[in-house]
Ligand code: B12
């Protein structure tokens, strides 16, 4: 199976579930991250795909997953649901060896196996904004300020979920698409979103710094606002409400 057929198959399987798919080359990633984060076991021309979840993923696949009494919800159910969907999307792809990385995959040192925000940027999915790009950086030198990606349609209402590395698929001429700079390089807007993401991310205002076509539903926001330790109870209530309705 060649690049076009694989890209189409992934899109056919994943778009209807509320995901987006962005191809990129390993060299694009390796050329900007610190050697510590390089994916050094792959050739530069190796093709990989970033999988992003959009707001509707929650209603399209997560709620049906959570309401299915055969599913074990004791381990992070969003991660398990995403993993199950991605694995089923790739299980029928013949002739290729595929390595699958998830946003939460860490080395024993706690270092992430892949820097998802950098992938978001280099694949063209979501522009990464960080203090490194500021001419006049107003933040304290000793404060660790996380950068943030903005998606042109969903602002901050999305997540960078997984990277599929097709070890045996090479496509050196893959066209590169630059991410849309939703803030138009405006330094004061970049500072504003960095402040929101670092100082008050819980209020979600960093997600709305540009106009968006869809946000997380109130049900989804309620789920993510629930402490991870309390989410099982939240899901049990959801199951009971659903059972009462049918
Ligand atoms: C560790 C982590 C955390 C830690 C943060 C620890 C810290 N302060 O550093 C904790 C648990 C606190 C956390 C919290 C949150 N996180 Co978090 N977190 C991660 C995780 C797993 C790794 C981040 C990391 O360590 N990166 C490594 C560092 C070194 O990367 P870096 O600083 O960007 O540096 C790289 C770039 O500069 C790049 N680079 C160099 N030059 C250039 C040039 C260009 C042009 C580019 C593009 C890159 C580039 O090279 C460097 C690496 O060598 C990622 C998922 C992942 N696997 O990436 C999610 C992630 C960053 N988190 C995310 C989110 C949303 C959050 C929360 C809002 C909670 C939530 N999940 O809703 C909060 C916000 C907290 C806050 N603002 O303080 C999202 C961000 C989405 C977005 N829109 O950007 C991610 C991507 C997860 C996801 N699935 O989408 N997080």
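The values are calculated or read from the model by the stated rules, or taken from the named source; none is laboratory data. Remember, predicted model here, so these are calculated numbers, not experimental data. Here Cβ is always computed from backbone atoms with ideal geometry, including for glycine, and neighbour counts include all displayed protein chains.
Using the structure shown, decide if residue 119 is in contact (Cβ under 8 Å) with a residue 60 or more places away in the chain, in a helix (DSSP H, G or I) and either over 22 Å from the mean Cα position of the chain (by Cα) or within 9 Å of the ligand (Cβ to nearest atom) (or both). Taking the combined requirement at face value, the residue satisfies it. Here residue 169 fulfils each of the conditions (1) more than 27 Å from residue 10 (Cα to Cα); (2) more than 11 Å from the ligand (Cβ to nearest atom); (3) surrounded by 12 or more Cβ atoms within 10 Å (Cβ to Cβ) apart from (1). Hey, can you tell me all the residues within the stretch 220-246 that are surrounded by 12 or more Cβ atoms within 10 Å (Cβ to Cβ), in contact (Cβ under 8 Å) with a residue 24 or more places away in the chain and under 20 Å from the mean Cα position of the chain (by Cα)? Matches in the stretch 220-246: 220, 223.
State whether one or more residues within the stretch 191-201 are on the phi > 0 side of the Ramachandran plot, modelled with pLDDT of 95 or more and within 15 Å of the ligand (Cβ to nearest atom). The answer is no; no qualifying residue exists. Test residue 207 against the stated conditions and say whether it is in a helix (DSSP H, G or I), at pLDDT 95 or above and either farther than 27 Å from residue 123 by Cα or within 16 Å of the ligand (Cβ to nearest atom) (or both). Yes; evaluated as a whole, the condition is true for this residue. Consider the stretch 131-149 and keep the residues that are more than 6 Å from the ligand (Cβ to nearest atom), in a loop (DSSP other than H, G, I, E, B) and surrounded by 12 or more Cβ atoms within 10 Å (Cβ to Cβ). The one that is nearest to the chain's Cα centre (by Cα) is 145.
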